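Quick notes on the structure that follows.
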Amino acid sequence: MYTGFMKDLCAEAKSEHAGLRLDRFLADEIAELSRSRIKALIEAGAVRLQLKDEVTIIGEVRSPVIAGAVYRVELPEPISTELIPENIPLSVLYEDEHLLLVDKPAGMAVHPAPGHPSGTLVNALLHYCRGQLSGIGGVERPGIVHRIDKDTTGVLAVAKSEQAHTGLSELFALHDIDRAYLAVSRGAPRPRSGTIETKIARSRHDRKKMAAFSDMEHPDGRTAITHYKVHETYGAMSRKEPVPVAALIECRLETGRTHQIRVHMAHIGNPLLGDPLYSRQQGLKIEGKSPEHDAARAVCRGFKRQALHAYRLGFVHPVSGKNILVESPLPDDFVALTAALAAI
C-alpha cells in the first residue's frame, strides 16, 4: 500500500512481494510514477531500503524485494525546462489537480519546433500551470500525450502529474478514448458512412506528407482506422451533375496517426477543404450567380487551413476513475464556412 507524499514516496513490502524485482514492485505500489521513472530514480541512488533500524541505498533495479522492508523513494525537485513560459490566453474546458483539457485555436503549434520556437501551446501551459506541475520524468513540464495539427482546432488533453501522464498514455495506446472530429470535405464520401482502414507511412514522394498504403504496398506502415459519417451535404457541382460540392463529416478515430483524417479523406477522393498538403485545389468550384453563391465562393477562397475541428474527447479519468467528456464549440471561421455552404 502506498503511503507518503510527493518528494517522499514509500512502499511497504509484504510477504507476497518477497523476491519481486524492485522496479516492478515499486511501479505497482506507487501509481504516481512510471516504471521508467522509477528505474531512473533507483539508478540515481534515490531509493532507500529501511529494515528495522538499518537504512540502505538500493541502486540496482533487479534487486529482490525483502518482505517487511519499507522502500522510500526520494523525489528531487523537478528540473526546470529550458522552454520559456508565455502569458498566452488559454480556453480551458476542464481542469483538476491532475489534468487539463484545453481548446486549441488555429495557428497554434503544440510543441516548439523550427519555424515556431515560441507562441506554442507548451509555452502557454508552462505559464498557466506555473507552480502546479509535479514533474513528469523529472522535468517540470506539462505532459502532452496526443497532438492536433497547428491549424486544426479543438480539444486536447494535457497531464499535470506523472500519474495522469502515465494513465492517459495507456488509454491512448489502448485506443480507449472517445475522439470525434468535424470536417468539411470536398464532395461527399460514398457511402455516407463507413470505415477507412489502411497503413499510414511517410510519403515516398514528399517527406512532408504522410500517405495511405495497403498491407502489400507498405507492410511496415502503421495501421490506421477512421470511422466516418456524413452529417450534411452542400450544393451541387452543376445542374447536370447533382453531386454535392462539399459535406460536413464526423470522423471518429480508432487509431491516432499523423495527419490520419486528412490522409484518409484524401485517399477516398474527398480531401478536406483548405488542406494545404492533401488537397490539390483551394476553394470550391460552385456554379451559380446568386449573392449566396458569391458569398460561398468568397468564404471558401478565404479559408486558408484544413477544415478540421476536434470537437469531442471522452475517457475515464486515469486517477479519479470518473467519466470525462468535453466538447469544443465550433470556431467562428468553421461556423461561417458551413453557414455559407448551407445557403447555396
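List of remarks:
- Among (1) assigned to a strand (DSSP E or B); (2) crowded, with 19+ Cβ neighbours inside 10 Å, the one test that Ile42 misses: (1)
- Here is the figure for the stretch 12-39: residues that are small (Gly, Ala, Ser), surrounded by 18 or more Cβ atoms within 10 Å (Cβ to Cβ) and modelled with pLDDT of 90 or more total 1.
- All of Leu272, Leu248 fail the test of being over 21 Å from the mean Cα position of the chain (by Cα), in the same structural domain as Ala211 (by TED's automatic domain parsing) and under 16 Å from Ala188 (Cα atoms), apart from Leu248.
- Verdict on Tyr94 being within 26 Å of the chain's Cα centre (by Cα), hydroxyl-bearing (Ser, Thr, Tyr), surrounded by 15 or more Cβ atoms within 10 Å (Cβ to Cβ) and within 26 Å of Ser169 (Cβ to Cβ): yes
- For the stretch 283-329, the set of residues classified as under 16 Å from Ile344 (Cβ atoms) and in contact with a His (Cβ under 9 Å, 6 or more places away or on another chain) consists of Ile286, Glu287, listed by residue number.
- Some residue of the stretch 72-85 being of a type in the set (Lys, Arg), touching a residue at least 40 places away in the same chain (Cβ under 8 Å) and farther than 25 Å from Leu121 by Cβ: yes
- Test for Leu83: is it out of contact with any Asp or Glu (no Cβ under 7 Å at 6 or more places or on another chain) and part of a helix (DSSP H, G or I): no
- Within the stretch 279-306, the set of residues being crowded, with 19+ Cβ neighbours inside 10 Å and of a type outside the set (A, V, I, L, M, F, W, C) comprises Ser279, Arg305, Gln306.
- Scanning the stretch 92-116 for residues that are of a type outside the set (A, V, I, L, M), in contact with a Ser or Thr (Cβ under 8 Å, 6 or more places away or on another chain) and assigned to a loop (DSSP other than H, G, I, E, B) turns up Asp96, Glu97, His98, Pro105, His111, Pro112.
- For the stretch 294-341, a residue qualifies if it is at pLDDT below 95, out of contact with any helix residue (DSSP H, G or I) (no Cβ under 6 Å at 6 or more places or on another chain) and within 25 Å of Met265 (Cα to Cα), and the qualifying residues are Arg297, Ala298, Cys300, Arg301, Gly302, Lys304.
- Restricted to the stretch 153-179, and to residues there that are crowded, with 22+ Cβ neighbours inside 10 Å, β-branched (Val, Ile, Thr) and within 14 Å of Arg312 (Cβ to Cβ), the residue that is farthest from the chain's Cα centre (by Cα) is Thr153.
- Applying the condition of being under 12 Å from Thr153 (Cβ atoms) and of a type outside the set (D, E, K, R) to the stretch 319-336 and asking which residue is surrounded by the fewest Cβ atoms within 10 Å (Cβ to Cβ) yields Val335.
- Cβ-Cβ distances below 6 Å connect the following pairs, each with a first residue in the stretch 111-133 that is in the same structural domain as Thr152 (by TED's automatic domain parsing) and at pLDDT below 80, a second residue that is aliphatic (A, V, I, L, M) and surrounded by 15 or more Cβ atoms within 10 Å (Cβ to Cβ), and a separation of six or more residues or different chains: His116/Ala109.
- Restricting attention to the stretch 147-185, the residues being farther than 21 Å from Ala124 by Cβ, among the charged types (D, E, K, R) and in a loop (DSSP other than H, G, I, E, B) number 1.
- Residues (within 16 Å of the chain's Cα centre (by Cα) and more than 18 Å from Glu82 (Cα to Cα)) located in the stretch 99-121: Leu99, Leu100, Leu101, Val102, Asp103, Lys104, Pro105, Ala106, Met108
The values are calculated or read from the model by the stated rules, or taken from the named source; none is laboratory data. Keep in mind that what you see is a predicted model, and the values were worked out from it rather than measured. Note: ideal-geometry Cβ built from the backbone for every residue, glycine included; neighbour counts use all protein chains shown.
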